[in-house]
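Notes to accompany the following structure.
The values are calculated or read from the model by the stated rules, or taken from the named source; none is laboratory data. On a predicted model such as this, the values are computed, not experimentally measured, just so you know. Positions of Cβ are generated from backbone atoms using ideal geometry, with glycine treated the same way; all protein chains shown enter the neighbour counts.
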Amino acid sequence: MSTIALCVDLMDRSRITAARPDVVFVRTIAALLERVGAGGIDSVIVDLSRPGAIDAIDAVVAAGVAVTAYGSHVDTGLLGAARAAGCREVLPRSRFFARLDRA
């Protein structure tokens, strides 16, 4: 299974890497879409705090790749937009990392 994560926060990256050492990180939406377009990607993790994240989710879902997104629990509009864009899972940041810590 090949997973790409759109995440630039160093603390988030270290926590994701601790739970999923095989994850490949990208810093930009362009890099994410390039990797997804090249094929071989089974899943994508998206930090919703990245500008343009919803547009990226639309494109990744359209390519048939499962997306898990996480963001601030108070930004219900953004979490809802991610659900509407077709994410497999949309989680508040705290729940996303709690799940990773248990994995």
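Structure notes:
- Residue list for segment 32-53, restricted to those being modelled with pLDDT under 95 and closer than 16 Å to Leu78 by Cβ: Ser49, Arg50, Pro51, Gly52, Ala53
- When residues in segment 65-77 are screened for being modelled with pLDDT of 95 or more and either more than 19 Å from Val8 (Cα to Cα) or touching a Gly at 6+ places or on another chain (Cβ under 9 Å) (or both), 3 of them pass.
- Candidates Thr76, Thr28 - the one that is out of contact with any strand residue (DSSP E or B) (no Cβ under 9 Å at 6 or more places or on another chain), free of Cβ contacts under 8 Å to residues at least 60 places away in the same chain and of a type in the set (S, T, N, Q): Thr76
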